[in-house]
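Engineer: So that we are looking at the same thing, I have put the structure below in structure tokens.
A short reminder: the numbers here are calculations on the coordinates, not readings from a lab. All of these numbers come straight from a predicted model, not from anything done at the bench. Quick reminder, even Gly has a Cβ in these numbers, built from the backbone with ideal geometry, and neighbours come from all protein chains shown.
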Amino acid sequence: MASNSEIPKSMFAWRKHRGNPEPGHEGCGQIVQIGPEVTGTKFKIGDIVALHAVSGCAMPDCSECSRDLSQICEIGHHSGIGQDGFYAPYAAIESRGAVLVPEGVTPAEAAVATDAVTTAYHAIHRRGEVKASETCFLFGLGGLGFNALQIVHNIGARVIVCDIRQERLDEAAKLGIPSSDIVPVGKSPQEFVMENDLKIDTVLDFVGTHQTFEDAQHIVRRGGKLLCIGSLNTENVIHMKIGTRKRLSYIFSYGGQVRDLEEVLQLIAEGAIRPQVKPARLEDFPEILKQLEEGKVESRIALMHD
């Protein structure tokens, strides 16, 4: 990262509160410097802000930003995604990528909100347009999936949950998901849907394996939606006859936008969403990485700078 003297004048400088075991695309920090070319800002030195990794270039001739697709802009800086990110004591970011952290939201929660919550929120609200009247089927209760469960639950839609880990299903039950809406570990989703005569309006696939994508196409009702977020298998098979005869919508989603992050942080402040994140010291990174490789990290670890 650039030193303070090298930070572009149109950017903010931040003192880092949190990093993660990735290149640093999720972050929260405290403003320590504001470039003189930043005008009309609501921010001030000392503010705690969540850092959006890909806020786009905002140029009027950008083929993505001009179509409200800032998160897939190829011109703007991609913090922690192939470029310098927030995994450092100091980082620079365009002012449009910063969001004030509301009272009651911890830096660790704010950091994971920038991706693990915002990605799920954007997919469900903007792409899938899930309504309270729907019945959804959710594959995967990991770092993004459990946030997705809370988002759908907050909308008021019915959600059927499926995961291969009993402890994650137990967490869903604690959230208030009835046992009748939890697919037992080892139970075929197709059999579960058939036996319970369920009409699945939208499938939320936060796993993206051959099996979940296959099941999704079979269990969704006619005219339904498949919302694809996970990609554990980089290639899956679309059944053309099933998709055509059911008139299915296959919807892919990637990341989120600053407006999503603003809404997500407010939901966290209100207690409607509680990201599952545990704080740890930056010095503990080698041990945390070992735990991650061994599958002992259940959701997110926030590595905190002193």
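Engineer: Compute, for region 237-287, the length of the dipole vector about the Cα centre, with Cβ point charges of +1 (Lys, Arg) and -1 (Asp, Glu) only. Units Debye, rounded to 20. Show your work: numbers first, answer last.
Structural biologist: Details: 8 positive and 7 negative charges, 148 e Å.
Dipole of region 237-287, to the nearest 20 debye: 720 debye.
Engineer: Follow-up. Count charges around ARG165 for me, please; just the other residues with Cβ under 13 Å from its Cβ, Lys/Arg as +1, Asp/Glu as -1. Let's see the in-between values first.
Structural biologist: Values: positive: ARG168, LYS296; negative: ASP163, GLU167, ASP170, GLU171, GLU298.
So the environment of ARG165 carries a net charge of -3.
Engineer: Need one number: nm distance between label points at THR39 and MET59, each 7 Å from Cα along Cα→Cβ, rounded to one decimal.
Structural biologist: Once both label points are built, they end up 2.1 nm from each other.
Engineer: Determine one quarter of the surface area of the Cα convex hull of the chain, which equals its mean projected area, and express it in nm² to one decimal. Can you show the working numbers first?
Structural biologist: On the way: hull surface 66.6 nm².
Its average projected convex-hull area is 16.6 nm².
Engineer: I need the trypsin sites (Lys or Arg not before Pro) found in region 200-256, filtered to DSSP loop residues with at most 13 other beta carbons within 10 Å of theirs.
Structural biologist: On the way: sites: ARG221, ARG222, LYS225, LYS241, ARG245, LYS246, ARG247; in loops: ARG247.
Taking region 200-256 and a limit of 13 other Cβ atoms within 10 Å, the loop trypsin sites (Lys or Arg not before Pro) found are ARG247.
Engineer: Starting from the 7 Å offset along Cα-to-Cβ, what nm value, one decimal, do you get for the label separation of GLN266 and ILE164?
Structural biologist: According to this spin-label approximation, the distance is 3.9 nm.
Engineer: From the P(r) of region 129-252, can you give the percent of Cα pairs sitting at distances over 26 Å?
Structural biologist: Beyond 26 Å sits 11 percent of the P(r) for region 129-252.
Engineer: Under a straight-distance cross-link criterion of Cα-Cα below 22 Å, which lysines are reachable from LYS241, leaving out those fewer than 8 residues away in the same chain?
Structural biologist: Within reach: LYS199, LYS225.
Engineer: Under 19 Å from a point placed 7 Å out from the Cα of ILE81 along the Cα-to-Cβ direction: which residues of region 262-306 have their backbone N that close?
Structural biologist: Residues 262-265 qualify, since their backbone N sits under 19 Å from the label point.
Engineer: Among VAL99, VAL159, HIS122, whose Cα lies farthest out toward the positive end of the dipole of the chain, if unit charges sit on the beta carbon of Lys, Arg (+1) and Asp, Glu (-1)?
Structural biologist: VAL159
Engineer: For LYS246 and SER66, what does the FRET efficiency come to when R0 = 35 Å and r is the distance between their Cβ atoms, rounded to the nearest 0.05? Write out the running numbers ahead of the final one.
Structural biologist: Values: r = 34 Å, r/R0 = 0.98.
Once rounded, the FRET efficiency stands at 0.55.
Engineer: Mind running the shape call on region 41-103? Use the C-alpha gyration tensor, a ≥ b ≥ c as the square roots of the eigenvalues: rounded below 1.5 for a/c, prolate if a/b tops b/c, oblate otherwise.
Structural biologist: Working: a/c = 2.50, a/b = 1.47, b/c = 1.70.
Oblate is the answer for region 41-103, as a/c is 1.5 or above yet b/c matches or exceeds a/b.
Engineer: Here's something else I'd like to know. Which one of GLY223, PHE213, GLN190 is farthest out on the positive end of the charge dipole of region 129-252, using unit charges on Cβ (Lys, Arg +1; Asp, Glu -1) and the Cα centre as origin?
Structural biologist: Value computed over the given set: GLY223.
Engineer: What angle do you read, to the nearest 10 degrees and between 0 and 90, between the alpha-carbon axis of helix 145-155 and the longest principal axis of the chain?
Structural biologist: 80 degrees
Engineer: Under the rule that an exposed site lies in a DSSP loop and has at most 15 other Cβ atoms within 10 Å, name the longest stretch of the chain with no GluC sites (Glu not before Pro) of that kind, not counting the sites themselves. Spell out each step's value before the answer.
Structural biologist: Working: sites that count: GLU37, GLU74, GLU103, GLU129, GLU235, GLU270, GLU294.
Value returned for the longest uninterrupted segment is 130-234.
Engineer: Next question. Run the simple label-point estimate for ILE238 and ARG281 please: 7 Å along Cα→C-beta, distance reported in nm.
Structural biologist: Here the modelled spin labels are 5.1 nm apart.
Engineer: To the nearest 10 degrees, how steep is helix 166-175 against the longest Cα principal axis of the chain, on a 0 to 90 scale?
Structural biologist: Helix 166-175 sits roughly 80 degrees off the main axis of the chain.
Engineer: Right, here's the next one. Within region 227-253, find all residues whose amide N lies under 13 Å from a label point positioned 7 Å from the Cα of GLN190 along Cα-to-beta-carbon.
Structural biologist: Taking a point 7 Å out along Cα→Cβ of GLN190, the residues of region 227-253 whose backbone N falls under 13 Å are 239, 242.
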